[in-house]
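The values are calculated or read from the model by the stated rules, or taken from the named source; none is laboratory data. None of the values given here were measured: they were computed from a predicted structure. Cβ placement follows ideal geometry from the backbone for every residue including glycine, while neighbour counts extend to all protein chains displayed. These accessible areas exclude ligands, DNA and RNA; they are computed on the full protein's heavy atoms, side chains included. Shrake-Rupley method; radii C 1.70, N 1.55, O 1.52, S 1.80 Å.
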Amino acid sequence: MPNQIKPHAACLIGWPAAHSRSPLIHHHWLRALGLDGGYSIESVPPEGFAEFILNLSKHGYIGGNITIPHKERVLKLTAPDQRARAVGAANTLWYDHGTLRATNTDIEGFIDNLDHSSDDWDHADDALVLGAGGASRAVVFGLLERGIKRIHLANRTIGRAQAIAHQFGARVLPLPWEDINSVLPRVGLLVNTTSLGMYGQPPLEVATERLPAEAVVADLVYVPLQTPLLAAARARGLRTADGLGMLLYQAVRGFELWFGQRPEVTPELRELLESDLTVA
Ligand code: ATR
């Protein structure tokens, strides 16, 4: 049990304890709204995870976030909503009349960030999503829910894209990785959910000059904040949505569920996170 748990505290549960920006975000909102609450990091190994979740309130918490490697396993230990079940992973827990519920806020984090970055991104009939891991499933779910007609899903391992298409239906079209450039001229939205472009990883090579002038480019990677993909898109004058925006918007619902007030993603909060990313 951590020391100094505040009366209303949430936590981030992962293993091993990794550096996370979530405490910075939630502490900022608690301060900004004048609320008495806390947000801690709990490093819980796989063998202790079930006990910790089943006794979350006894450990002093009103809810929390879940990260690697527990995001899939938590579904069996909680009452997941439709979003968490569709994505196959949950990142946010809260008590609803004594029942520990689980949801996936990456979906709304992704969509809300796009909505704040451009007001007509959803006019696109065709979107191209790169990658077929857990983050991709959240993105695809959000795009389908929003009514995007066709989602081309490219992945190095095509079988993973086919599995997502099988789960979500005929509007998701698996695309071999080497065919990415051929669909670019008709996509109004390009999304990178792979780790390519992340600090220490190879860059993502996409011919952004083939995209239509009104296309929007989104990258889930936020270290670095400006990935080579976003830099190329901006150099062409395309609109972009970055991974930090998604990180901030996905945190809103958890805070609201735990502390009862809906916080705002302000320029001040973004600057705070940007300076933290610059230092790291
Ligand atoms: P997450 O749950 O965060 O989405 P993940 O399941 O590890 O993470 O998925 C990482 C994604 O990055 C996958 O789509 C992966 O492609 P594979 O399914 O073929 O592994 C993609 N990825 C990682 N390195 C890559 C590379 N060098 N080239 C192309 N895609 C890559």
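If you go through segment 3-43 and pick out every residue that is under 15 Å from residue 56 (Cα atoms), hydrophobic (A, V, I, L, M, F, W, C) and buried (at least 17 other Cβ atoms within 10 Å of the Cβ), you end up with 6. Taken together, the residues in segment 232-247 that are closer than 14 Å to residue 199 by Cα and open to solvent by 60 Å² or more (accessible area, probe 1.4 Å) amount to 0.
For residue 254, the conditions (1) more than 16 Å from the ligand (Cβ to nearest atom); (2) within 17 Å of residue 115 (Cα to Cα); (3) open to solvent by less than 60 Å² (accessible area, probe 1.4 Å); (4) outside any loop (DSSP other than H, G, I, E, B) are fulfilled apart from (2).
Checking 131, 147, 142 one by one, the residue that is small (Gly, Ala, Ser), in contact with an Asp or Glu (Cβ under 8 Å, 6 or more places away or on another chain) and on the phi > 0 side of the Ramachandran plot is 147 and no other. Before we move on, is residue 91 in contact with a helix residue (DSSP H, G or I) (Cβ under 7 Å, 6 or more places away or on another chain) and within 15 Å of the ligand (Cβ to nearest atom)? When the stated conditions are applied, residue 91 passes them.
Return yes or no: is residue 269 in contact (Cβ under 8 Å) with a residue 40 or more places away in the chain, open to solvent by less than 10 Å² (accessible area, probe 1.4 Å), more than 16 Å from the ligand (Cβ to nearest atom) and part of a helix (DSSP H, G or I)? Judged against the criteria, residue 269 is a match. Residues that are open to solvent by 10 Å² or more (accessible area, probe 1.4 Å) and free of Cβ contacts under 8 Å to residues at least 40 places away in the same chain were ranked within segment 123-147; the one that is farthest from the ligand (Cβ to nearest atom) is 147. Of all residues in segment 98-117, those being more than 16 Å from the ligand (Cβ to nearest atom) and open to solvent by less than 10 Å² (accessible area, probe 1.4 Å) number 3. What about residue 129, is it assigned to a helix (DSSP H, G or I) and among the hydrophobic types (A, V, I, L, M, F, W, C)? Judged against the criteria, residue 129 is not a match.
Filter segment 209-231 for residues that are buried (at least 16 other Cβ atoms within 10 Å of the Cβ), closer than 12 Å to residue 184 by Cβ and in contact with a helix residue (DSSP H, G or I) (Cβ under 7 Å, 6 or more places away or on another chain) and give the result. Listed by number, the residues that qualify are 211, 217.
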